[in-house]
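To keep things clear, I will list the structure first and then write my remarks on it.
The values are calculated or read from the model by the stated rules, or taken from the named source; none is laboratory data. The structure presented is a predicted model; accordingly, all values stated were derived computationally and were not measured. Reconstructed Cβ throughout: ideal geometry from the backbone, glycine too, with neighbour counts over all protein chains shown. SASA here: full protein model, heavy atoms, side chains in, ligands and nucleic acids out. Shrake-Rupley method; radii C 1.70, N 1.55, O 1.52, S 1.80 Å.
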Amino acid sequence: MMHLTLEFGGGLELLCESVKSHNVDVVLESVGEKEGKLVMRDLLCWVKTNLIKERPEMFLKGETVRPGVLVLINDCDWELCGTLDAVLEEKDEIAFISTLHGG
Amino acid sequence: MMHLTLEFGGGLELLCESVKSHNVDVVLESVGEKEGKLVMRDLLCWVKTNLIKERPEMFLKGETVRPGVLVLINDCDWELCGTLDAVLEEKDEIAFISTLHGG
Amino acid sequence: PPYGDHGLSKELIYRYSRHLLLPDFGIQGQANLLNSSILVVGAGGLGSPVALYLAACGVGRLGIVDNDIVELNNLQRQIIHTEAFIGKHKVESAAAACRAINSTIDVIEHKGALLAVNALDIISKYDVVVDATDNIPTRYMINDGCVLLNKPLVSGAALGLEGQLTIYHYNGGPCYRCLFPTPPPTSACQRCSDSGVLGVVPGIIGCLQALEAIKLASSVGVSLSGRMLLFDALSARIRTVKIRERSLNCDACGENPIFTKKLFRSFDYENFTETPIFDLSCENLMLL
Amino acid sequence: PPYGDHGLSKELIYRYSRHLLLPDFGIQGQANLLNSSILVVGAGGLGSPVALYLAACGVGRLGIVDNDIVELNNLQRQIIHTEAFIGKHKVESAAAACRAINSTIDVIEHKGALLAVNALDIISKYDVVVDATDNIPTRYMINDGCVLLNKPLVSGAALGLEGQLTIYHYNGGPCYRCLFPTPPPTSACQRCSDSGVLGVVPGIIGCLQALEAIKLASSVGVSLSGRMLLFDALSARIRTVKIRERSLNCDACGENPIFTKKLFRSFDYENFTETPIFDLSCENLMLL
Ligand SMILES: [Zn+2]
Ligand SMILES: [Zn+2]
């Protein structure tokens, strides 16, 4: 089991009953394959199943997040950490932020 | 030896040649007594000796910081962590911020 | 309260429609704002955005206190004033700007300095106080007055390339004296007129003060009480730190406070802080 | 450049004295500002504080582009406009406000929309561009134009109770397309007119945009390039995150960019993003 903090912002929280911050325990058995490691690919599935209450197409497109969503692992763009293959560690903080266009 | 990040703000950086952030290694032997622990009391002495280049009276008054200086240990007011007796740990970040009054 | 039944006119619904659309704010938040009163102490670098945004958003009664006259060297940061108002009272200038943005709210001009003799009378007329002043005796005085009258205080400061922001005496949190029971040595007190300030730095802190005042007045969101925001413009670094709790020994808000309204009115804040309320400008240029 | 020898008149030295006193800014920073030119695209919620603070601080030439007319429901957040300007062009209103604060700078009015056909001509006249617009086709277009002309882009956005800020195409950092190579689905694009915005939120982001533009124009401090500031008003939480590097595959700034000036001028940004540039307001109210 891995304890993570998941955050949703920029409007994505509306998909999770308007709750922005979620402290979750992700059970390793239920996901992941390679040596019991939890990678972002697994987490996206877990989020879609467990947190997203409506319009999953506003969160995912194919196997990754939809265009216009920034993914941050411990305040760092997931593009710098391996995107879908980024390995997560206990107490990591993952944020999903929809980019804003208003002014 | 203990690695710490020390920050000075609100004008206190002027006492340290205008450098706001200092990555320092504090040698334990040189300070501290109780069981080799480094406490804030020791660190203030160390800072006064090693970093403050001018007007130490703008930093310390007696054995503590002068009135109007906030001390933060890992972004938390040192009043909540024991002030002079707060025990420091490896990689702690300690900030000394002079309060501002301008507007 | 006139908007207690959300009886907003068509015009007000249109004016504030961008607020009414917000699920987390909505008509209740707007009605709360329209029924609220906020006092802004200081119409300078911080007070400029505070007053403009509070007027624009629809605070029902907005009071502005200041003793100064608009000068050319204010205009680099005090965006509420224009060249046409140079030589006139800042309060008049600021009030005119607020009314030009929103003629439907009540803007009250308190011309003259906020002093211990008049502070309680003025503060008592408002729900929330914003400290946008530039000197330490006035900061202690506003704090003590807010504690005596049990008003939340949104306190901001800016100098050079840095800013600080918190809320005092709210929701069981600390007051200014809890953090700073002893005034700093006078040699540590700088004003913008002494040391300079990048104009947009008080702009940022002032906007954040306006936001916190709006949150308090509309009962929306989680306030900065118990936390302090520290802003460093050069590095674009902003962090929020946890500050101490209310002190039971505090002279203002502790279990045995020394202040009564009577003592407050005659308390000599300039002597207590060894600092004049009024700026002597070039004469007291200090390096730290 | 007229201020290249720091030849500031007595009046300008007095006007900007609070900047000149700053050791980290000083006369060189002020001279750089006075010699610089900044384009603000959008005179709405973000553009209001951007234009006011840039005018106040002494940017030598300040351009403002907007196609809109001032409406009453703008005044809840667009503090550069007043009731007296309702029905008039936002550019005229904003320029008048900037000139009233600082008659010594050059304020240029670009009335009408920034479109692919005219963007390069307009952007090419300025050193720094501030994106203070409210729609996604224009955001892609400004980005591509800034990359083609090699101008740094200070990009801010605000909606609801949140704001975002970064700098694109500066100092080897990423551009907007590096982060967002594919436009989001139209159902994910909201405007303030659709979903509402707390008025002071664009105020805070706009002031931070002004600061970053001033830092770029004056060559002072460390910019937000490579980092993005995320602001949540309800919790008063501000954090700065590290964003990806420039993408070598980027259509705009990569090693084999698809854009030429000619292609840019005829590129259909509305079709690319499946979003209209001009707001159809109530007709396209979307919930997310
Ligand atoms: Zn207290
Ligand atoms: Zn790019």
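The alpha-carbon positions of the protein assembly as shown define a convex hull whose volume is 168 Å³ per residue. The candidates B:THR5, D:THR104, arranged from most to least accessible area with a 1.4 Å probe in the full protein assembly, appear as D:THR104, B:THR5.
A Förster radius of 35 Å, combined with the Cβ-Cβ distance separating C:SER219 from C:LEU120, puts the computed FRET efficiency at roughly 0.90. The amide H of A:GLY103, built 1.01 Å from its N in the peptide plane, has D:ALA158, D:CYS192 as neighbours under 5 Å, considering only residues 5 or more places off or on other chains.
Taking K and R as +1 and D and E as -1, what net charge do the other residues with C-beta under 9 Å from the C-beta of D:VAL41 add up to?
Values: positive: none; negative: D:ASP66, D:ASP131.
Once all neighbours under 9 Å are counted, the net charge is -2.
Shown for the range D:222-261: residues covered by the partner protein chains by 50 Å² or more of accessible area relative to the chain by itself (probe radius 1.4 Å), namely D:LEU234, D:ALA236, D:ILE238, D:ARG239, D:LYS242, D:ARG244. Derived scalar couplings between HN and Hα for the range D:234-250 equal 4, 9, 6, 9, 10, 9, 10, 10, 8, 10, 4, 7, 4, 8, 5, 9, 5 Hz in order, rounded to whole Hz, by the Karplus curve 6.51 cos²θ - 1.76 cosθ + 1.60 (θ = phi - 60°), x for Gly and Pro. List, by residue number, every residue in the range D:13-52 with a reduction of 50 Å² or greater in accessible area between the chain on its own and the complete protein assembly, 1.4 Å probe. Residues meeting the cut-off: D:TYR14, D:ARG15, D:ARG18, D:HIS19, D:LEU21, D:LEU22.
Looking at chain A, the accessible area is 44 square angstrom per residue; that uses a 1.4 Å probe and ignores ligands, DNA and RNA. For the range D:127-148, heavy-atom accessible area (probe 1.4 Å) falls by no less than 10 Å² from the chain alone to the full protein assembly at D:ASP134, D:ILE136, D:ARG139. Rounded to the nearest 5, what % of the DSSP beta bridges within chain D are antiparallel ones? Taking every DSSP beta bridge within chain D, about 50 percent pair in antiparallel fashion.
From the helices alone, meaning DSSP H stretches of at least four residues, give me the mean residue ellipticity at 222 nm for the protein assembly as shown, per-run term -39500 (n - 2.57), in deg cm²/dmol to the nearest 500. List each step's numbers first, then the result.
On the way: 26 runs with 226 residues, N = 782.
Using -39500 (n - 2.57) per qualifying helix, the result is -8000 deg cm²/dmol.
Each chain gives up part of its surface: C and D jointly bury about 5500 Å² of accessible area, both sides summed, for a 1.4 Å probe.
Remark: the range D:102-108, residue by residue, has Karplus-estimated 3J(HN,Hα) of 8, 7, 8, 9, 9, 10, 9 Hz, where x stands for each Gly or Pro and the curve is 6.51 cos²θ - 1.76 cosθ + 1.60 at θ = phi - 60°. Which of these, C:GLY45, C:GLY206, C:GLY63, has the largest mean-square fluctuation under a Gaussian network model of chain C (Cα springs below 10 Å)? Largest GNM mean-square fluctuation: C:GLY63.
Summing +1 for each Lys or Arg and -1 for each Asp or Glu, what net charge is found among the other residues whose Cβ lies under 11 Å from the Cβ of D:VAL91?
On the way: positive: D:LYS88, D:LYS90, D:LYS111; negative: D:ASP66, D:ASP68, D:GLU92, D:GLU109.
That works out to -1.
A 1.4 Å probe, protein heavy atoms only, puts the accessible area of B:ASP42 near 30 Å². The range D:205-228 and the range D:91-164 have Cα centres spaced 15 Å apart.
Can you give the average number of partner chain beta-carbon atoms within 10 Å of each beta-carbon in peptide D:77-83, as a whole number?
Details: counts 6, 2, 15, 3, 3, 6, 7.
The mean count of partner-chain Cβ atoms within 10 Å per residue comes to 6.
In whole percent, and with a 1.4 Å probe on the protein chains, what portion of the accessible area of chain D is carbon and sulfur?
Numbers: 4930 of 9500 Å².
Of all accessible area on chain D, carbon and sulfur atoms account for 52 percent.
Annotation: amide H-H contacts under 5 Å for C:ARG237 (H modelled 1.01 Å from N, sequence separation of 5 or more, or interchain): C:ASP232.
Position D:LYS262: other-copy label points at 9.0 nm, ordered by increasing distance, label point 7 Å along Cα→C-beta. Solvent-free Debye calculation, one equal scatterer per alpha-carbon of chain C: log10 I(q)/I(0) at 0.08, 0.09, 0.10, 0.12 Å⁻¹ equals -0.32, -0.41, -0.51, -0.74. Total lysine pairs in chain D at Cα distances under 20 Å, for residues eight or more apart or on different chains: 11. Restricting to bridges with both residues inside the protein assembly as shown, how much of the DSSP beta-bridge set is antiparallel, in percent to the nearest 5? Roughly 60 percent of the beta bridges in the protein assembly as shown run antiparallel, per DSSP. How would chain B be classified by its alpha-carbon gyration tensor: rounded, prolate or oblate, with rounded meaning a/c under 1.5 and the a/b versus b/c comparison settling the rest? Taking the square roots of the gyration eigenvalues as a ≥ b ≥ c, chain B is prolate.
Rounded to a whole number, what % of the accessible area of the range A:2-98 do carbon and sulfur atoms account for, probe 1.4 Å?
Numbers: 2080 of 4400 Å².
About 47 percent, which is the carbon plus sulfur part of the accessible surface.
Below 21 Å, Cα to Cα, which lysines can B:LYS37 reach? Residues fewer than 8 away in the same chain don't count. Excluding near neighbours in sequence, the set is B:LYS48, B:LYS91.
Across the protein chains, with a 1.4 Å probe defining accessible surface, the residues C:SER37, C:SER219 rank C:SER219, C:SER37 from largest area downward. Where both bridge residues fall in the range D:89-209, DSSP classifies roughly 65% of the beta bridges as antiparallel.
Classified by the C-alpha gyration tensor, the range D:42-162 has an oblate form. Its axis ratio a/c, with a ≥ b ≥ c, is 1.5 or above, and a/b does not exceed b/c.
Residue-wise HN-Hα couplings along the range C:262-279, as the Karplus relation 6.51 cos²θ - 1.76 cosθ + 1.60 with θ = phi - 60° gives them from phi, are 5, 4, 3, 4, 10, 6, 9, 5, 5, 5, 4, 9, 6, 9, x, 6, 8, 6 Hz; Gly and Pro carry x. Largest accessible area first, the listed residues D:ASP232, C:ASP144 line up as D:ASP232, C:ASP144 when surface is computed with a 1.4 Å probe on the assembled protein chains. Classification of the range C:1-88 by its C-alpha gyration tensor yields a prolate form. The axis ratio a/c (a ≥ b ≥ c) is 1.5 or more, and a/b outweighs b/c. Based on protein heavy atoms only, the range D:120-261 ends up with 26 Å² per residue of surface accessible to a 1.4 Å probe. Distant-in-sequence amide contacts of D:VAL197, defined by a placed amide H-H separation under 5 Å and a gap of 5 or more residues or a different chain, comprise C:HIS19, D:GLY160.
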